1. Just name the residue that is nearest to residue 111 (Cα to Cα) out of those in the range 125-150 that are among the aliphatic types (A, V, I, L, M) and surrounded by 10 or more Cβ atoms within 10 Å (Cβ to Cβ).
2. With among the aromatic types (Phe, Trp, Tyr), modelled with pLDDT under 70 and farther than 21 Å from residue 97 by Cβ as the only criterion, which of 32, 37, 10 stands out?
3. Report whether or not residue 142 is of a type in the set (Lys, Arg) and either in contact (Cβ under 8 Å) with a residue 12 or more places away in the chain or assigned to a loop (DSSP other than H, G, I, E, B) (or both).
4. Quick check on my filter: what residues within the range 73-111 are more than 12 Å from the chain's Cα centre (by Cα), part of a loop (DSSP other than H, G, I, E, B) and over 15 Å from residue 47 (Cβ atoms)?
5. For the range 49-72, state whether one or more residues are open to solvent by 60 Å² or more (accessible area, probe 1.4 Å), in a strand (DSSP E or B) and modelled with pLDDT under 85.
6. Within the range 79-120, how many residues turn out to be open to solvent by 60 Å² or more (accessible area, probe 1.4 Å) and more than 16 Å from residue 135 (Cα to Cα)?
7. Please state which one of 135, 121 is in contact with a strand residue (DSSP E or B) (Cβ under 7 Å, 6 or more places away or on another chain), at pLDDT 85 or above and farther than 20 Å from residue 74 by Cβ.
8. Give the residues of the range 77-114 that are charged (D, E, K, R) and out of contact with any Phe, Trp or Tyr (no Cβ under 9 Å at 6 or more places or on another chain), sorted by residue number.
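The values are calculated or read from the model by the stated rules, or taken from the named source; none is laboratory data. None of the values given here were measured: they were computed from a predicted structure. So basically every Cβ, Gly included, is an ideal-geometry build from the backbone, and we count neighbours across all protein chains shown. When the accessible area is computed, the model is the full protein with side chains, heavy atoms only, and any ligands, DNA or RNA have been set aside. Shrake-Rupley method; radii C 1.70, N 1.55, O 1.52, S 1.80 Å.
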Amino acid sequence: MDTSITNTWYSFKITGGGVGFFQGKSGIRQGYPLSPYLFVLSMEVLSRHMRVLYQDLNVSHHPKCRQLNLTHLLFADDLMIFVRGDVPSAKAVENVLSKFATVFGLYANADKTNIYFGGISPTVPQAILQDTGFSVGSFPFKYLGILLTG
């Protein structure tokens, strides 16, 4: 006898009375009223992990971001991470992103993710790109309508 559950149905009770039935689905869907709040909470977790990561001696700030203690920027579903262009720093950031993806199910889309390099040895980008699977972006590019240059 098969005892697995194949379909789930839910009903709400409002002021003592049942209000219809609806079929359950896995995960949170786009348009769900709480999804923006849940996304913000998950990004706060990522931000805290990034702050801890930069306190570790293995990860260095991008030289132009050190004075501001700028590690990353979040806007809507975009994430920009600023890190020194060396393999240990890139691997440490990749490790945090991998752990975050495992916990929250939010993965970087390799087709939409770029890494931008500037002022580093020509051998370093190859090593970083092999580990991440992302592609190289080129300057200048626009972000939120602002032209960014390297």
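1. 136
2. Working: 32 fails: modelled with pLDDT under 70; 37 fails: modelled with pLDDT under 70.
It is 10.
3. Values: of a type in the set (Lys, Arg): yes; either in contact (Cβ under 8 Å) with a residue 12 or more places away in the chain or assigned to a loop (DSSP other than H, G, I, E, B) (or both): no.
Against the criterion (of a type in the set (Lys, Arg) and either in contact (Cβ under 8 Å) with a residue 12 or more places away in the chain or assigned to a loop (DSSP other than H, G, I, E, B) (or both)), residue 142 does not qualify.
4. 84, 85, 86, 111
5. Looking through the range 49-72, none of the residues is open to solvent by 60 Å² or more (accessible area, probe 1.4 Å), in a strand (DSSP E or B) and modelled with pLDDT under 85.
6. Total meeting the criteria: 10.
7. 135 is the lone residue from the list that is in contact with a strand residue (DSSP E or B) (Cβ under 7 Å, 6 or more places away or on another chain), at pLDDT 85 or above and farther than 20 Å from residue 74 by Cβ.
8. Result: 84, 86, 91, 94, 99, 111, 112.
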